[in-house]
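> The structure under discussion is supplied below as structure tokens; questions concerning it will follow.
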Amino acid sequence: DDSIVRGNTSGPLVKMLRDAGAKEVHVRVACPPIKFPCFMGVDMASQDELISANKSVDEICEHIGADSLAFLTISGMMRALKAESGYCNACFTGDYPFSTPIPLIELQEKEKFANVWGD
């Protein structure tokens, strides 16, 4: 998969593969776990919705029904891009290149985060 954001797409795909006769399903994700919201345009209403922010890799693997799950590391991603800098990795690391609308500690509180988006 290219990414696992909310964790609601990979499970049905794993099930389809098993229903088609796959004996094992090993999921490899082409980006690091997305643990923090994006303030630059990616639609992520709350950190609570980001499965990697709330579950371990083993828990996500169980949640989607796969036999194994592995994510690309940040360093592996940067090597693939042939770059050490110049890309925002905030959704992976929580290290934003600017001040966030609210302190990161408050992102755990859904009501406060929802207010940023006017929900």
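> Among the residues in the range 25-41, are any among the small types (Gly, Ala, Ser) and either over 12 Å from the mean Cα position of the chain (by Cα) or surrounded by 14 or more Cβ atoms within 10 Å (Cβ to Cβ) (or both)?
Taking the range 25-41 as the starting set, the residues that turn out to be among the small types (Gly, Ala, Ser) are 30, 41.
Those still in the list that are either over 12 Å from the mean Cα position of the chain (by Cα) or surrounded by 14 or more Cβ atoms within 10 Å (Cβ to Cβ) (or both) too: 41.
Within the range 25-41, one or more residues are among the small types (Gly, Ala, Ser) and either over 12 Å from the mean Cα position of the chain (by Cα) or surrounded by 14 or more Cβ atoms within 10 Å (Cβ to Cβ) (or both).
> Which members of the range 29-73 meet the condition of being small (Gly, Ala, Ser) and touching a Gly at 6+ places or on another chain (Cβ under 9 Å)?
Going through the range 29-73, the residues small (Gly, Ala, Ser) turn out to be 30, 41, 45-46, 52-53, 56, 65-66, 68, 70.
Matches in the range 29-73: Ser52, Gly65, Ala66.
Read-outs: derived from the displayed coordinates by stated rules, not from any lab. Because the structure is predicted, anything quoted here is derived from the model rather than measured. Backbone-built Cβ (ideal geometry, glycine too); neighbour counts: all protein chains shown.
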